[in-house]
1. Name the residues whose placed amide hydrogens come within less than 5 Å of the amide hydrogen of residue 30, ignoring near sequence neighbours (fewer than 5 apart) on the same chain.
2. If the range 283-352 were replaced by its equivalent ellipsoid, with semi-axes equal to the square roots of 5 times the Cα gyration tensor eigenvalues, what would those be, largest first, whole Å?
3. Beyond 18 Å, what share of the Cα-Cα pairs of the range 210-292 remains, rounded to the nearest whole percent?
4. What is the Rg over Rh value, at two decimals, for the range 224-345, using alpha-carbon atoms and the Kirkwood definition of Rh?
5. If you put +1 on each Lys and Arg Cβ and -1 on each Asp and Glu Cβ, how big is the dipole of the chain around its Cα centre, in Debye rounded to 20?
6. Counting pairs of alpha carbon atoms under 8 Å apart in space and at least six apart in sequence, what relative contact order in percent does the range 2-220 give?
7. Count the net charge of all other residues whose Cβ sits under 15 Å from the Cβ of residue 99, scoring Lys and Arg as +1 and Asp and Glu as -1.
8. Identify, among 220, 120, 108, the residue whose Cα sits farthest towards the positive end of the charge dipole of the chain, taking +1 on the Cβ of Lys and Arg and -1 on the Cβ of Asp and Glu, with the dipole about the Cα centre.
Amino acid sequence: MLAIDGLTKSYGAFDLGPIDLAVDEEVLAVLGPSGCGKTTLLAAIAGVTDTDAGTITLNGRDLTDRAPEDRGTVLVFQDGALFPHMTARENVAYAAASTGKIDELAATLEIGDVLDQRAATLSGGERQRVALARSLAADPSALLLDEPLANLDAPIKRRLRDELRPLLSSLSIPVVYVTHDQHEATAIGDRLAVVNDGVIQQLDTPSEVFARPATPFVASFTGSTNLFQARVAEEEGNPVLEWADHRFDVADDEYPVGVDIWFCIRPEYVTVVDDLAVEGRNNLDGHVRRRVFEGDGYRIDVTPEGADDVLQVTLSPPDYDWLDLDDRDRVRLSLPQDAIHIVGECDRTDAD
Ligand SMILES: Nc1ncnc2c1ncn2[C@@H]1O[C@H](COP(=O)(O)OP(=O)(O)OP(=O)(O)O)[C@@H](O)[C@H]1O
């Protein structure tokens, strides 16, 4: 278990923490935008940067004042940082506790064919596999990965990402995996910590973070682009949200009537009702403002009647073709009650 308590580190105007975090034998994905402090957190755990306050323990051993090489942690960077003049085998052997392990790791990471090639001649994907083999050869007690797939092409990145998940889980050590890519974070992490401005805003399973973001930042950073302000009201004893001219049933009843809140709904949960005659409690009408082909699907932006906001809807290519929409078409949308998540109350500064 890797335990971090009250960790802080400042660089000029940037403050990391205080961070309190316990990472079990699991993969914790740390997700956040550029400059939020992800690398600083890993560097502090690895001991390559000093900290201002707090403690770090690994399996009960206090690491706080120990040198990087005396921590049992291994840090892997996005460029792999191999010795270019050495072969892949020499790079892996450099860190290996025993040479017997090299061939086993080479087989697992599928680098057997390139072991005798100089590191400088390896492709990006091969380089990262060798870097991972080298980090695992050292038998770390905790593995720290800093955007290990950031420099790879999309297909190789996806493949390595899918292979990494079982590999990292099988290590049975704390793994902290830093990325700014939400797809990578959800595919790899058992749990997800979303960081902004040096602070962990939410720590939970990926599915929980995506379904129920705890803050407006988490909602927008994880793709809930539909984030709006509304007021809590009541109808026949049941909670509803008033948004522009619309009223929606919501499942969440923890907010009092009259309170202004943020709510979100993921674009993939909004559906287009094909028949404009169909009435429904959570339906609303609007006009298509823009249609965007996003490769794996379509996004349509809809301006709801009576609102200034834009509601995004994602559609699969077959649904999109079938609906045959044009710009400015009138559409009826349905916002399923269970898909509407109240993120939290608007504070005064939000409302101004
Ligand atoms: N050695 C340093 N000296 C001064 N400022 C630093 C140093 N290292 C990091 N910072 C600052 O601390 C903040 C956090 O940086 P950090 O590299 O941890 O962010 P990050 O989330 O890893 O970003 P990225 O995804 O771009 O790598 C940034 O504002 C950065 O400029």
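Laboratory data are not the source of any read-out in this text; all were calculated from the coordinates shown. The shown structure was predicted, so the numbers you read here are calculated from the model rather than taken from an experiment. Cβ sites come from the backbone with ideal geometry, for glycine too, and all protein chains shown count toward neighbours.
1. Here 177, 178, 179, 193 satisfy the definition.
2. Numbers: eigenvalues 132, 41, 30 Å².
Taking √(5λ) for each eigenvalue gives 26, 14, 12 Å, largest first.
3. Result for the distance tail: 51 percent.
4. Details: Rg = 14.4 Å, Rh = 14.8 Å.
Across the range 224-345, the Cα-based Rg/Rh ratio is 0.98.
5. 1460 debye
6. Working: 438 pairs, mean separation 62.2, N = 219.
Normalised by residue count, the contact order of the range 2-220 is 28 percent.
7. Working: positive: 89, 101, 134; negative: 90, 103, 104, 116, 139.
Net of charged neighbours comes to -2.
8. Towards the positive end, the residue furthest out is 120.
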